[in-house]
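The structure appears right after this line, and notes come after that.
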Amino acid sequence: MTLLSTRGLSRQFGGLKAVENVDFDLPEGQVRALIGPNGAGKTTYVGMLSGRIPASAGTVTFRGQDVTNMPAHQRIRAGMAYTFQITSIYGRLPVHENVALALRWRTEGDEKETAKRVADALERVGIADRAEQLAGDLSYGHQRLLEIAMGISQQPRLLILDEPTQGLADSEIEDFIKLIRGLAGEMTILLIEHNIHVVMQTADAITVLNGGQILAEGTPKEIHENAAVQAAYLGTG
Amino acid sequence: MSDTRKSWSLHLAVVALLLALNFVLPEYHHGNLARVMVLACYAMGYNMLFGYTGLLSLGHALFFASGMYGMSLTVQHLGWSAGPAMLVGLAGGLAMSLAVGLLSLRTAGVAFMIVTLMFAQAGYLAVLYFGEYTRGDEGFVIQKASRQIMGIDLSDPMNRYLAALILFAACMLITLRVVQTGFGRVLVAIRENEERTRMLGYDVHRHKLLAILLSGTMSAAAGAGYGLLFGYAGATFASVQYSIFPLLWVLLGGAGTVLGPFIGTLFMFYLIDLSSDISTAYMLIAGVTLVLLTLFAPQGLVGELRRRAVRWLP
Amino acid sequence: MELVPYLILGLLEGLVTAAVLSLMALGLSLVFGVMRVVNVAHGEFFMVGAVLAWQIASLFDGHPAWGFLAALLVAPPLTACLAVAANQLVLKRIEYDPERTIVATIGLLYIIQQLTLMTYGPDARPVEAPFNHRLSIPLVEWTETGLGLYWPWGLGTTSYKLAVILAAVALLGGIWMLMTRTRFGLLMRATQLDRETAQAFAIPVGKVYAAVFGLGAGLAALAGVLIVPIQQAHYLMGHDPLLLSFIVVIIGGLGSLPGTVVAALLIGVSDGMISVFFSPTLAKIIATLGVAFVLIFMPQGLFGKRSL
């Protein structure tokens with residue numbers, strides 16, 4: 001079953017074509033990595049998927065519904081969860097309140113249920129012992145984990161992670177890989193990543209963007225051996 | 001005792017204290033406190049938008065005046081009695097909040113501040129322009145005979161104080177309830193990180209609009225109450241000064257706290273009262289206080305208390 | 001035909017308003033543009049300029065031109081110093097955070113205004129103009145012998161008012177040269193465009209900010225000195241011009257000198273002309289709502305490239 005697909009999705013900024021005519025299908029249950037050199041249009045593309053950026057042309061379909069004109073907050077309610085490229089949490093609120101905010105509209109005021117699900121999510125990512133701390137006092141790595149906890153606490157159908165390992169230490173990256181592998185069965189994951197090691201270890205399939213268009217798609221092995229992909233990366237650094 | 005229980009106990013205790021003071025305060029302070037309580041409702045209305053949602057309006061006098069004139073013009077020119085006239089004041093405030101909210105929320109940050117300032121200024125000028133009905137700057141007195149609800153004469157100091165207390169308690173307890181619910185917490189989330197809140201699935205625009213409606217209507221209730229209880233309506237209450245006052249009171253007392261607005265209003269009222277004995281330039285105190293607050297204590301009195309000691313304070 | 005003299009009178013008065021307004025609005029726009037902050041106390045610098053002008057002029061006996069000249073040379077720099085002090089003590093400390101700056105400058109507004117009340121008092125006091133000749137303005141009419149001139153009663157202006165208009169034009173030209181031809185202007189524009197990059201290029205952003213804030217206040221004070229022979233000096237006189245300046249800057253667009261000038265002309269002249277026919281209050285209501293709607297629907301103003 002295709003969870004998310006786009007047809008002819010494009011975005012123009014004045015004369016610049018950031019994303020051009022992208023057709024894309026994401027089957028349910030898959031872990032897909034979206035990679036490409038800097039400036040390839042990945043963030044713009046994902047912005048159009050999540051609803052943060054309006055499309056210039058084309059359609060986005062999620063769970064069988066055309067969501068092209070649906071505002072971002074409604075897409076979240078429809079089953080998407082999104083983590084920002086630069087971690088965006090509530091620094092002045094405690095860790096547990098950060099996660100509580102993420103799921104309160106689902107539990108509809110049942111504070112007991114909210115507390116339980118908050119605890120579960122924090123446990124899942126491994127920061128349950130920091131629940132009372134102010135989110136801004138956490139290390140960067142833990143803040144990233146908090147953001148992921150906020151995402152998964154919503155029990156989304158699609159989890160979009162925008163460069164999740166950026167700024168993490170090697171050990172934290174290994175923990176992250178384990179976490180993603182653990183989540184893989186429960187939800188579909190779309191991962192924008194620069195770290196090829198992470199991609200190879202977690203992705204079922206990879207889509208490569210270059211210059212706003214899809215350059216290649218396939219299994220990690222196929223992409224690894226693809227000459228055009230290598231040229232794109234080596235050519236533009 | 002849970003935090004919620006503690007909060008309710010504290011705030012009910014404050015109401016009880018104010019009730020007790022009704023019987024012991026000397027006349028001068030008795031009248032002042034009644035005034036402070038009504039103005040604190042205005043501050044609490046402002047706090048809902050500024051302290052909790054994080055939107056700085058420079059035009060709240062428009063809402064205060066909508067309530068005041070909605071009520072007093074109805075009494076003066078249509079001959080209605082006080083009760084229904086108060087409702088007209090509230091309705092006026094609600095309508096004005098809706099109009100201003102829908103328009104001003106299309107802007108953000110500094111533009112929002114200026115837009116609200118402009119709308120309020122237009123309102124003030126309109127009060128002057130229609131001076132035939134409003135008597136402009138001079139204002140008009142609302143006769144004692146009209147200031148009655150259900151036979152109770154509100155110009156009597158004791159009745160007036162109790163009416164002010166009822167209004168104050170209502171506004172304070174409404175605020176307390178709102179901040180404890182999911183809606184209140186989303187407002188705080190919007191203040192802290194609007195984009196994140198949007199991407200968690202919340203309709204940020206709708207929340208901001210509701211916050212403006214609540215804030216504006218509460219401010220209008222204060223304006224209508226002030227006109228009714230103190231028997232006067234004048235253009236000063238629509239002027240820029242009355243848009244700055246609630247900002248000052250809330251900042252001083254503690255933005256984003258329930259008790260802060262009252263503490264700030266009380267403090268500032270007496271500070272200005274004392275300095276106007278010394279000089280006609282008493283607004284100097286307001287200016288110095290604003291500068292000192294922004295430099296050294298942006299959290300305000302109750303805010304600092306919460307930060308340093310009493311963490312559960314709402 | 002009776003209408004025409006009124007219109008011309010309105011136009012002339014409007015040009016004087018526009019002249020003074022353009023200087024003041026330019027000061028506000030520079031501060032907006034380079035420092036990205038709203039200075040609500042801007043109107044008080046205008047007032048301080050006027051009050052200082054009275055103070056200085058009253059030290060001179062004899063021909064009013066000397067007193068006025070002294071005021072013109074001394075009041076704006078003094079006011080600029082006051083502004084720089086405020087910048088160093090307050091604005092710099094709050095790191096030019098937009099919201100905190102607005103609140104702090106509201107505080108400054110009251111401090112400056114009330115201190116003036118305490119020292120100068122609540123009265124409005126005039127300053128004599130350096131020269132003041134009544135000039136009657138002729139209109140053309142069709143007579144039996146062809147085109148001829150006639151002088152409608154009441155239609156005139158003064159040499160001083162014309163001088164104000166010319167002075168404003170000269171000063172605007174000077175500022176334009178400053179911004180486009182001098183090193184300081186270059187530093188200002190660089191800081192305006194991209195503060196971080198400017199810092200990376202070792203531009204002393206802190207000093208540029210202090211200078212710009214001083215310049216903005218100096219322009220406002222200058223406007224105050226120029227207007228004080230026409231309109232008396234009073235401690236509350238900053239309020240209306242502040243709002244008008246806001247209107248001009250927002251409609252003209254941030255950081256755009258041509259936009260500011262055009263908007264000042266529009267506002268000044270229409271204010272002059274509308275006041276001839278309609279209540280000035282109604283004119284102000286329309287202008288105030290106009291600003292709000294421009295901000296809501298056209299945030300970049302008429303000329304600006306950037307919004308608030």
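Any residue that is farther than 19 Å from C:Gly216 by Cα and out of contact with any helix residue (DSSP H, G or I) (no Cβ under 9 Å at 6 or more places or on another chain) - is there at least one of those in segment C:86-102? Looking through segment C:86-102, none of the residues is farther than 19 Å from C:Gly216 by Cα and out of contact with any helix residue (DSSP H, G or I) (no Cβ under 9 Å at 6 or more places or on another chain). Filtering segment C:87-126 to residues that are in a helix (DSSP H, G or I), over 16 Å from C:Ala233 (Cβ atoms), without any contact (Cβ under 8 Å) to a residue 60 or more places away in the chain and of a type in the set (Val, Ile, Thr) leaves C:Val90, C:Val103, C:Ile111.
On the given criteria, is B:Tyr52 closer than 26 Å to C:Leu244 by Cβ, within 14 Å of another protein chain (Cβ to nearest Cβ) and among the hydroxyl-bearing types (Ser, Thr, Tyr)? Spelling it out, it is not the case that B:Tyr52 is closer than 26 Å to C:Leu244 by Cβ, within 14 Å of another protein chain (Cβ to nearest Cβ) and among the hydroxyl-bearing types (Ser, Thr, Tyr). Restricting segment B:213-245 to residues that are touching a Leu at 6+ places or on another chain (Cβ under 6 Å) and farther than 24 Å from B:Tyr270 by Cα, the residue that is surrounded by the most Cβ atoms within 10 Å (Cβ to Cβ) is B:Ser215.
Answer with yes or no whether B:Leu102 is away from chain C (no Cβ under 14 Å) and either surrounded by fewer than 17 Cβ atoms within 10 Å (Cβ to Cβ) or in contact with a helix residue (DSSP H, G or I) (Cβ under 8 Å, 6 or more places away or on another chain) (or both). It is false that B:Leu102 is away from chain C (no Cβ under 14 Å) and either surrounded by fewer than 17 Cβ atoms within 10 Å (Cβ to Cβ) or in contact with a helix residue (DSSP H, G or I) (Cβ under 8 Å, 6 or more places away or on another chain) (or both).
For segment C:87-124, a residue qualifies if it is more than 7 Å from chain B (Cβ to nearest Cβ), closer than 27 Å to C:Trp66 by Cα and surrounded by 16 or more Cβ atoms within 10 Å (Cβ to Cβ), and the qualifying residues are C:Thr116, C:Tyr120. Taking segment A:181-194 as the range and being within 26 Å of A:Leu138 (Cα to Cα) and either modelled with pLDDT under 90 or within 11 Å of the chain's Cα centre (by Cα) (or both) as the test, the residues that pass are A:Ile189, A:Leu190, A:Leu191, A:Ile192, A:Glu193, A:His194.
A quick yes/no check of all residues on (1) more than 14 Å from chain A (Cβ to nearest Cβ); (2) modelled with pLDDT of 95 or more; (3) outside any loop (DSSP other than H, G, I, E, B):
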{"residue": "B:Ala145", "(1), (2), (3)": "yes, no, yes"}
{"residue": "B:Leu167", "(1), (2), (3)": "yes, yes, yes"}
{"residue": "B:Ile174", "(1), (2), (3)": "yes, yes, yes"}
{"residue": "B:Leu187", "(1), (2), (3)": "no, yes, yes"}
{"residue": "B:Ile190", "(1), (2), (3)": "no, yes, yes"}
{"residue": "B:Thr197", "(1), (2), (3)": "no, yes, yes"}
{"residue": "B:Ala224", "(1), (2), (3)": "yes, yes, yes"}
{"residue": "B:Ile244", "(1), (2), (3)": "yes, no, yes"}
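Taking segment B:246-314 and the helices (runs of 4 or more DSSP H) fully enclosed by it, the elements with 1 or more residues that are surrounded by fewer than 19 Cβ atoms within 10 Å (Cβ to Cβ), within 14 Å of another protein chain (Cβ to nearest Cβ) and within 20 Å of the chain's Cα centre (by Cα) are at B:260-278. All conditions in (1) under 17 Å from the mean Cα position of the chain (by Cα); (2) facing chain B (nearest Cβ under 9 Å); (3) in a loop (DSSP other than H, G, I, E, B) hold for A:Ala81, with the sole exception of (3). If you scan segment A:108-119, which residues turn out to be among the β-branched types (Val, Ile, Thr) and either facing chain B (nearest Cβ under 9 Å) or over 23 Å from the mean Cα position of the chain (by Cα) (or both)? Of everything in segment A:108-119, just one residue is among the β-branched types (Val, Ile, Thr) and either facing chain B (nearest Cβ under 9 Å) or over 23 Å from the mean Cα position of the chain (by Cα) (or both), namely A:Thr114. When each of C:Val51, C:Val74, C:Val40, C:Val84 is tested for being outside any helix (DSSP H, G or I) and either more than 14 Å from chain B (Cβ to nearest Cβ) or out of contact with any Cys (no Cβ under 7 Å at 6 or more places or on another chain) (or both), the lone residue that passes is C:Val40. In segment B:60-79, the qualifying residues are those that are in contact (Cβ under 8 Å) with a residue 24 or more places away in the chain and over 16 Å from B:Ala120 (Cβ atoms), and the one that is surrounded by the most Cβ atoms within 10 Å (Cβ to Cβ) is B:Met71. Taking the criterion of being farther than 23 Å from A:Gly58 by Cβ and surrounded by 19 or more Cβ atoms within 10 Å (Cβ to Cβ), the residues of segment A:196-221 that qualify are A:Val198, A:Val199, A:Thr202, A:Ala203.
The sole residue among B:Gly93, B:Gly83, B:Gly54 that is touching a helix residue (DSSP H, G or I) at 6+ places or on another chain (Cβ under 8 Å) and in a helix (DSSP H, G or I) is B:Gly93. For the condition closer than 14 Å to C:Ile8 by Cα and surrounded by 10 or more Cβ atoms within 10 Å (Cβ to Cβ), C:Ile137 qualifies.
Inspect segment B:140-153 for any residue being closer than 30 Å to C:Thr288 by Cα and of a type outside the set (Lys, Arg) and give the result as yes or no. Yes: segment B:140-153 contains one or more residues that are closer than 30 Å to C:Thr288 by Cα and of a type outside the set (Lys, Arg).
The values are calculated or read from the model by the stated rules, or taken from the named source; none is laboratory data. All values derive from a computational prediction rather than experimental measurement. Cβ: placed from backbone, ideal geometry, glycine included. Neighbour counts: every protein chain shown.
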